[in-house]
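Have a look at the structure below before the remarks.
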Amino acid sequence: MAKKSKKSDKAAPKAEAKAATPVEAPQAAAPVEAPQAEAKKAAGGISAAQVKQLRDQTGAGMMDCKKALNETNGDLEEAIAWLRQKGIASAEKKAGRVAAEGLVGSYIHTGGRVGVLVEVNCETDFVARRDEFQELVRNVAMQIAACPNVEYVRVADIPQAFVDSEKAIEMSRDDLGNKPEAIKAKIIEGRIEKRLKEIALLDQPYVKDQSITVDEMVKQVSGQIGEKIEVRRFSRFVLGEGIEKKETDFAAEVAAQTGQA
């Protein structure tokens, strides 16, 4: 009987060990991967290649590109739009500041038949000496050379007399005769708005990036530099413009020179 008692005593620790096994369950309660997942979430899953691509396309700073991609969940097109909006917002905050420094830039088109002078203002002479600002001035001058119809910097500069004249022309068009007055007014308004934008520099599609206007390009650079930038005035010169050329009858001229007239 004593042997049986000893055997049962030996078996007891095994049973206790077997019953204690479920206590190890808390190991699954805190995954080791959690910190890595949190870090990835904090980074927004944005890669260095995405940041570089956005920076190459927009010229914006690295931190701005990272923020734009995080704000738009890595969507490149939306990030570009976000940066444009940021540039515009930055420019609007600077609207009340005085831009009295800057440069008068020039551009002569190949062949010397078209020349441009343009004044672009900034707030400090330090910025006026920066390469980015000087490149902006040159790009604006090239834009003016490429736009023969442009006469004013912005729509607000266009005289009211010109606007009234355009309105009178549009109101007299035959294609509006039978339309209701409300519809006619909207059509006229749309046509005049289009016409005014055609002769305003800042509303032109930027020659180096047709997806934005000159105004948006200027505001992008303003946002990057951190100062108010303003295109103030310009003059465009075209060789022979305004000169009335005398029309010559070549055959009659030759006949006169040879005494056959």
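The values are calculated or read from the model by the stated rules, or taken from the named source; none is laboratory data. From a predicted model like this one, the values you see are computed outputs, not experimental measurements. With ideal geometry, Cβ positions are generated from the backbone for all residues, glycine too; neighbour counts draw on all protein chains shown.
Filtering D215, D209 for residues that are closer than 30 Å to F126 by Cβ, free of Cβ contacts under 8 Å to residues at least 12 places away in the same chain and in the same structural domain as T110 (by TED's automatic domain parsing) leaves a single hit, D209.
Take E241 and tell me if it is outside any helix (DSSP H, G or I), at pLDDT below 90 and of a type in the set (D, E).
yes
Based on what the data block shows, is I199 closer than 15 Å to V137 by Cα, touching an Asp or Glu at 6+ places or on another chain (Cβ under 7 Å) and not hydroxyl-bearing (S, T, Y)? So I199 fails the test. Scanning segment 218-244 for residues being surrounded by 19 or more Cβ atoms within 10 Å (Cβ to Cβ) and either free of Cβ contacts under 8 Å to residues at least 24 places away in the same chain or touching a Pro at 6+ places or on another chain (Cβ under 6 Å) (or both) gives a total of 0.
If you go through segment 135-150 and pick out every residue that is surrounded by 15 or more Cβ atoms within 10 Å (Cβ to Cβ) and in contact with a helix residue (DSSP H, G or I) (Cβ under 8 Å, 6 or more places away or on another chain), you end up with 7. Of everything in segment 177-186, what is surrounded by fewer than 16 Cβ atoms within 10 Å (Cβ to Cβ) and in a helix (DSSP H, G or I)? Give them in sequence order. Within segment 177-186, E181, A182, I183, A185, K186 meet the criteria.
Selection of segment 122-168 for residues being polar (S, T, N, Q) and out of contact with any Gly (no Cβ under 8 Å at 6 or more places or on another chain) yields T124, N139, Q143, N149, Q160, S165.
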